[in-house]
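Encoded as structure tokens, the structure appears first; notes follow it.
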């Protein structure tokens, strides 16, 4: 069996989206240059895309009240959203872990984050990844992630930032901006995500903030939405996917911002 | 979509009404709970509203399905980049299901088409698409040789396509 035959067998797996990343990259590269595999891919990809409809929910099952509430929620969010590059509500950091973390200190963190941001930008702009670049530019959110990451790294480097150590990394605060730089976070588990919490000065209960999932190396670099009031503390806990209104598990950490 | 690109809120609402059951349904199936599916629904439609240029051509329903699955995979895997996006967009168009076929697709038709597949082909396809796992994991879970899983997925997808085209022709 020659290379084409071997790769041709994997085209269906690529179309279904079930190949591991490295293998998918190799098969995709072949598909780009092989008319036969490209035709096979197009044929099976559209069948795979149609699969989503198998999950189409019956409006009656969602529930009339919930249907209306969900629609109102989406329309409200759209009304306040600006047509800009932005990441999803659930923040997904870079998936690639650093090769090594020699130092757990801030310098190592920033070096990693800067390198990771540069990596994304490099991938986006590299001539060797022309097609990937094209797709990246089309997928606005992926590019936005790179931009967001760069912004977060820059915010961490701003003079006057305050750094609050936690076992999993640092919380960085600067002029009301809060950034979590975390490492070594284990996978939250099936159907679970990490959720950030904020405690406004003078408040007695934590307010829910963003949900996020670490990358495969347990790395997280996220910025919390700005709080209207000064914050006295922040925390993170594991919650069901979609987040909770109040913490339902023992916090991964709680850090006073004093 | 052309109207949505021009910030027509009414067009966006119509788009929501037409596709929210697919988006929400994929969310429930992949993430396993209503709250997560609602978050996913909001994220997907906000992407459509804030980045309408991300959709360029082809069947909109297919695009929404793909975007929704990828978003759900983000949650499940914490992945930010999907290698299949390296495929040139043009390549996804040649030989795609005819637009008129896709226009007739709904949940009932796809479920009926899936039901025509033998269990041994349907299960790995559903595990891969909705479970967000690799073919190697599918092989492990079903205790089936890797090569057999490859063949079953390929054969199953070809049959599914044929069944969908046949369904539309009736």
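With a ≥ b ≥ c the root eigenvalues of the C-alpha gyration tensor of segment B:1-75, is it rounded (a/c under 1.5), prolate (a/b larger than b/c) or oblate? Prolate shape, in that a/c is at least 1.5 and a/b is the bigger ratio.
Going by how many other Cβ atoms sit within 10 Å of their own, how do A:231, A:44 line up, fewest first?
Working: A:231 21, A:44 24.
Going from sparsest to densest Cβ surroundings: A:231, A:44.
Taking label points 7 Å from Cα along the Cα-to-Cβ direction, residue B:144 and residue B:56 give a separation of 3.5 nm. Cβ-Cβ distance of residue A:6 and residue B:137, R₀ of 25 Å, FRET efficiency by 1/(1 + (r/R0)^6): the value works out to about 0.80. The label point for residue A:79 and the one for residue A:34, both projected 7 Å from the Cα toward the Cβ, are 5.3 nm apart.
Rounded to the nearest 0.05, the FRET efficiency derived from the C-beta distance between residue A:66 and residue A:248 at R0 = 25 Å is 0.75.
Given a Förster radius of 30 Å and the C-beta distance between residue A:162 and residue A:204 as r, what FRET efficiency does 1/(1 + (r/R0)^6) yield to the nearest 0.05? Result of the calculation: an efficiency of 0.80.
Arranged by the count of other C-beta atoms within 10 angstrom, fewest first, what order do B:158, A:4, B:135, A:30 take? Write out the running numbers ahead of the final one.
Numbers: B:158 16, A:4 12, B:135 23, A:30 20.
In order of increasing Cβ crowding within 10 Å: A:4, B:158, A:30, B:135.
Considering only the Cα atoms of segment B:100-169, their convex hull presents on average a projected area of 4.5 nm². Among the residues of B:146-157, the average count of other protein chain beta-carbon atoms within 10 Å of the residue beta-carbon is 4. As a proxy for reagent exposure, B:104, B:1, B:30, A:206 were ordered by neighbouring Cβ count within 10 angstrom, fewest first; the result is B:104, B:1, A:206, B:30.
None of the figures in this text is laboratory data; all of them are computed from the coordinates on show. As the structure is a computational prediction, the values presented were derived from the model and not from experiment. Reconstructed Cβ throughout: ideal geometry from the backbone, glycine too, with neighbour counts over all protein chains shown.
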